[in-house]
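The values are calculated or read from the model by the stated rules, or taken from the named source; none is laboratory data. None of these values were measured; they are calculated from a predicted model. With ideal geometry, Cβ positions are generated from the backbone for all residues, glycine too; neighbour counts draw on all protein chains shown.
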Amino acid sequence: MHSDDERPLAEDEQIPRKGFLASMPKRTFSRVLVLLAALAGIIYLRQRTGAIASCMSDAFRLAPPEQRSALPVKVRIEFPAKASEKAPP
């Protein structure tokens, strides 16, 4: 008989994913260093949240509409001549 870890997997079964702490190195010193680096990154980003938010709002802000001139627009519309009518020379 197979134990739970050695049994063959069916096609529809997936291998369970490891958690964050389980995927970290097992030694205590390296684990502490990784967690301290993560904590330092979180604190840095928390202090810079205002600057990051203002930068993102500037990046996604729409450009102001262009100023239109006060001069009227002149348009000339020409319809195509029908095949039954003679085209002007």
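Does region 33-42 contain any residue that is at pLDDT 85 or above, more than 29 Å from the chain's Cα centre (by Cα) and either assigned to a helix (DSSP H, G or I) or surrounded by 10 or more Cβ atoms within 10 Å (Cβ to Cβ) (or both)? Within region 33-42, one or more residues are at pLDDT 85 or above, more than 29 Å from the chain's Cα centre (by Cα) and either assigned to a helix (DSSP H, G or I) or surrounded by 10 or more Cβ atoms within 10 Å (Cβ to Cβ) (or both). Looking at region 1-21, can you tell me whether even one residue there is assigned to a helix (DSSP H, G or I), modelled with pLDDT of 75 or more and under 31 Å from the mean Cα position of the chain (by Cα)? Scanning region 1-21, I find no residue that is assigned to a helix (DSSP H, G or I), modelled with pLDDT of 75 or more and under 31 Å from the mean Cα position of the chain (by Cα), so the answer is no.
Return yes when GLU78 is exposed (fewer than 10 other Cβ atoms within 10 Å of the Cβ), at pLDDT 80 or above and either among the acidic types (Asp, Glu) or touching a Gly at 6+ places or on another chain (Cβ under 8 Å) (or both) and no when it is not. I'd like the intermediate steps shown before the answer.
Details: exposed (fewer than 10 other Cβ atoms within 10 Å of the Cβ): yes; at pLDDT 80 or above: yes; either among the acidic types (Asp, Glu) or touching a Gly at 6+ places or on another chain (Cβ under 8 Å) (or both): yes.
It is true that GLU78 is exposed (fewer than 10 other Cβ atoms within 10 Å of the Cβ), at pLDDT 80 or above and either among the acidic types (Asp, Glu) or touching a Gly at 6+ places or on another chain (Cβ under 8 Å) (or both).
For region 22-31, the candidate set comprises residues that are within 30 Å of the chain's Cα centre (by Cα) and part of a helix (DSSP H, G or I); within that set, the residue that is modelled with the highest pLDDT is ALA22.
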